Protein chains: 2
Amino acid sequence: MKEDAKNNAPAEPTRSELEILQILWQHGPSTVRFVNDHLNGEKRAVQYTSTLKIMQIMTDKGMLARDESSMKHVYRPVLEEKSTKGLLLDRFLETTFNGSATTLLLQLLGNKKTSKNELDEIKALLNKIDPDKL
Amino acid sequence: MKEDAKNNAPAEPTRSELEILQILWQHGPSTVRFVNDHLNGEKRAVQYTSTLKIMQIMTDKGMLARDESSMKHVYRPVLEEKSTKGLLLDRFLETTFNGSATTLLLQLLGNKKTSKNELDEIKALLNKIDPDKL
DNA sequence: TGTTTCGTACGAATTGATTCGTACCTTAGT
DNA sequence: ACTAAGGTACGAATCAATTCGTACGAAACA
């Protein structure tokens with residue numbers, strides 16, 4: 001039923017897909033080999049063909065595009081980092097915190113995983129961005 | 001391979017499971033009927049037996065417990081709201097923002113979906129919680 | 001020119017979540 | 001006692017993501 005790579009809504013990357021996108025966003029257009037090595041180095045053991053398969057599927061979905069001019073295809077992200085993460089954040093906010101950014105932040109602040117430094121950073125950030133509002 | 005309901009790590013609710021948990025957290029122990037009606041009213045069309053099935057599975061996973069003394073089983077959440085959401089937030093933060101709460105917040109601030117009121121609320125909140133730090 | 005290495009394509013198997021039909025039991029009402 | 005209504009249990013079907021084996025082509029190199 002799937003046609004081409006361009007008739008879709010915003011597209012929700014899965015966890016695995018997001019892992020791959022992160023690498024591409026960070027390092028720019030890359031080969032499957034590069035992405036796979038990275039995954040294995042930083043994250044978890046995964047077969048080359050598995051990574052390849054996912055990247056091919058992502059291409060089908062229109063999340064990635066590839067340059068096939070060379071034998072080693074070079075993949076680049078089509079989804080833009082900021083908007084994609086924004087979408088993910090929206091959805092997460094909606095499903096988990098009923099859309100309340102305040103509740104999310106409270107949870108964030110109460111989280112032991114969030115370091116004190118990070119909190120200070122956040123506060124400083126808020127002041128810097130919009131000091132008069134406070 | 002699955003044994004009982006208690007040999008597991010923290011447990012990651014899926015989207016559907018989270019929907020159900022939210023209802024139970026909000027309204028307290030409930031029957032399948034109640035949960036299903038709520039889902040259909042507030043969210044989406046779903047068959048009674050589908051909801052039942054998921055809640056049974058969640059019980060198997062140890063996410064829910066049920067009182068079977070009456071014919072109408074009453075389910076209650078085993079997963080605690082705060083810690084569960086904390087876990088989900090941690091994971092989301094990790095996979096999407098590479099663990100940086102600051103980056104997440106920046107995205108939140110830049111998000112058009114986040115209302116101005118909400119932002120003001122957030123700022124006020126930060127001040128209230130830890131005014132001296134700012 | 002073999003032959004090894006590295007790449008892509010393709011398809012099957014697995015896994016997990018989800019959905020829902022069907023069977024059957026219990027209770028209330030007539 | 002019979003029937004209707006409303007429960008639960010169970011198993012099959014579906015669907016998507018994921019994983020990976022196998023086949024095969026191109027390039028590097030001995």
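The values are calculated or read from the model by the stated rules, or taken from the named source; none is laboratory data. What you see is a predicted model; the values in this text were computed from it and never measured. So basically every Cβ, Gly included, is an ideal-geometry build from the backbone, and we count neighbours across all protein chains shown. Keep in mind that these areas ignore ligands, DNA and RNA; they rest on the heavy atoms of the full protein, side chains included. Shrake-Rupley method; radii C 1.70, N 1.55, O 1.52, S 1.80 Å.
A few points about this structure:
Per-residue answers, yes or no, for (1) assigned to a loop (DSSP other than H, G, I, E, B); (2) under 16 Å from the mean Cα position of the chain (by Cα); (3) more than 26 Å from residue B:85 (Cα to Cα):
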site: A:34; (1), (2), (3): no, no, yes
site: A:50; (1), (2), (3): no, no, yes
site: A:53; (1), (2), (3): no, no, yes
site: A:75; (1), (2), (3): no, yes, yes
site: A:90; (1), (2), (3): no, yes, no
site: A:96; (1), (2), (3): no, no, no
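- Candidate set from the range B:55-69 (those that are closer than 23 Å to residue B:87 by Cβ and in a strand (DSSP E or B)); member that is least open to solvent (accessible area, probe 1.4 Å): B:64
- The range A:36-53, subset in contact with a helix residue (DSSP H, G or I) (Cβ under 6 Å, 6 or more places away or on another chain) and not hydrophobic (A, V, I, L, M, F, W, C), residue farthest from DNA strand C (Cβ to nearest atom): A:38
- Restricting B:49, B:31 to residues that are surrounded by 12 or more Cβ atoms within 10 Å (Cβ to Cβ) and either modelled with pLDDT of 95 or more or not aliphatic (A, V, I, L, M) (or both) narrows the list to B:31.
- Search result, residues across the range A:74-105 that are within 14 Å of DNA strand D (Cβ to nearest atom) and out of contact with any helix residue (DSSP H, G or I) (no Cβ under 7 Å at 6 or more places or on another chain): A:91
- Look at the range A:28-48: where a residue is under 17 Å from residue A:59 (Cα atoms) and a partner is in a loop (DSSP other than H, G, I, E, B) and open to solvent by less than 90 Å² (accessible area, probe 1.4 Å), sitting 6+ places away or on another chain with Cβ atoms under 8 Å, you get A:31/A:73; A:32/A:73; A:36/A:46.
- Residue selection: residue A:71 fails the criterion of being within 10 Å of DNA strand D (Cβ to nearest atom) and touching a strand residue (DSSP E or B) at 6+ places or on another chain (Cβ under 6 Å).
- The lone exception for residue A:69 - which of (1) in contact with a helix residue (DSSP H, G or I) (Cβ under 8 Å, 6 or more places away or on another chain); (2) within 12 Å of DNA strand C (Cβ to nearest atom) it fails: (1)
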